[in-house]
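Report on the following structure.
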Amino acid sequence: MGVRYARFEDIKYAAMIKVFLMGGFLMTKVITKKIKCANCGTESEQMIVYSINYSLGNQEDNARLREHKQVCPNCNYTAPNIDFKIKALNVVPYKSVGDLTFGMKREEVRNIMGGYKEVPKSQFADNSSDSFNRLINCYYDKNNNLNGVVISNEINVTLDGKTILPISEDEFNKMFDDAILNYDGESITWVKSVGITTYNYDGEVDTLTIGTRDFFGKKQNNINWEDNKDEI
């Protein structure tokens, strides 16, 4: 298919995703807490990984923390956070993700999604964001209107009836004629036709980002296309 490559001179987008993956903190924070299973209602002690500082600790330990999943002792429901369960999400390019519509006010998003943790604004964002159990992160413009959603590969996502998460990096790239790959430092795929960017890790799509044209416009301005500049 029409896969193309691009070099990112500014890693603003990749850094935003890393802030999401690390929970928006600069320290490793792990606690044990009694939580209720969203599947069966059973309460149990579970380890919660709030954030990971990848500059500290060895790679093996950090990977173990990042991939840690909770398991309900009663029904065996397994997830990064078993007190949070969400149905499969369908994407309408540049318009919506599941029940979330771009342009929604922050309070509307929170009412739909439930429990959240507000992640402080970083130098890479226009506003603070909301993390919903580290599975979905919602970004807002300066007026608190939803303009971007980052989704972990723990959630099923569909587009036009096809599964786009979870999925391998190669499978995702082959689905789109206009998939453009970054090969310099960060493994990122950008697909303008559907307004989706992926952050890839170890051959798999790790997160999907879906946003408005304005949300992606900032990222596009930081790309130095080596060829096919008219593709974006």
Exercise. Look at Leu56 and say whether it is over 17 Å from the mean Cα position of the chain (by Cα), surrounded by 14 or more Cβ atoms within 10 Å (Cβ to Cβ), aliphatic (A, V, I, L, M) and not assigned by TED's automatic domain parsing to the domain that holds Met175.
Key: no
Quiz item: What's the number of the condition Ile151 fails, among (1) surrounded by 20 or more Cβ atoms within 10 Å (Cβ to Cβ); (2) over 19 Å from Val194 (Cα atoms); (3) out of contact with any helix residue (DSSP H, G or I) (no Cβ under 7 Å at 6 or more places or on another chain)?
Solution: (2)
Quiz prompt | the stretch 64-96, residues that are at pLDDT 85 or above and under 24 Å from Thr197 (Cβ atoms) | solution = Ala88, Leu89, Asn90, Val91, Val92, Pro93, Tyr94, Lys95, Ser96
Exercise. Identify, by number, the condition in (1) at pLDDT 75 or above; (2) in contact with a helix residue (DSSP H, G or I) (Cβ under 9 Å, 6 or more places away or on another chain); (3) of a type outside the set (A, V, I, L, M, F, W, C); (4) buried (at least 18 other Cβ atoms within 10 Å of the Cβ) that Tyr13 doesn't meet.
Key: (1)
Quiz item: In the stretch 82-92, is there at least one residue being closer than 15 Å to Thr158 by Cβ, among the charged types (D, E, K, R) and loosely packed, with under 14 Cβ neighbours inside 10 Å?
Solution: yes
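Quick grid of which residues meet (1) at pLDDT 50 or above; (2) closer than 11 Å to Ile180 by Cα; (3) hydrophobic (A, V, I, L, M, F, W, C):
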| residue | (1), (2), (3) |
| --- | --- |
| Lys192 | yes, yes, no |
| Leu208 | yes, no, yes |
| Arg213 | yes, no, no |
| Lys218 | yes, no, no |
| Trp225 | no, yes, yes |
Quiz item: Of the residues that make up the stretch 29-48, is at least one modelled with pLDDT of 75 or more, surrounded by 19 or more Cβ atoms within 10 Å (Cβ to Cβ) and of a type outside the set (Phe, Trp, Tyr)?
Solution: yes
Exercise. Go through the stretch 79-122 and count every residue that is among the small types (Gly, Ala, Ser) and closer than 29 Å to Lys36 by Cβ.
Key: 5
Exercise. Among the candidates Val49, Val97, single out the residue that is assigned by TED's automatic domain parsing to the domain that holds Ile155, touching a residue at least 12 places away in the same chain (Cβ under 8 Å) and β-branched (Val, Ile, Thr).
Key: Val97
Practice problem: Residue by residue through the stretch 111-145, note down the ones that are in contact with a strand residue (DSSP E or B) (Cβ under 9 Å, 6 or more places away or on another chain), surrounded by fewer than 16 Cβ atoms within 10 Å (Cβ to Cβ) and not in a loop (DSSP other than H, G, I, E, B). | Solution: Ile112, Lys117, Glu118
Exercise. Taking Asn200 as the residue in question, decide whether it is surrounded by fewer than 22 Cβ atoms within 10 Å (Cβ to Cβ) and assigned to a strand (DSSP E or B).
Key: yes
Quiz prompt | Residue within the stretch 99-109 that is in a helix (DSSP H, G or I), among the basic types (Lys, Arg) and buried (at least 16 other Cβ atoms within 10 Å of the Cβ) present | solution = yes
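The values are calculated or read from the model by the stated rules, or taken from the named source; none is laboratory data. Keep in mind that this is a model prediction, so the values were computed, not measured. Positions of Cβ are generated from backbone atoms using ideal geometry, with glycine treated the same way; all protein chains shown enter the neighbour counts.
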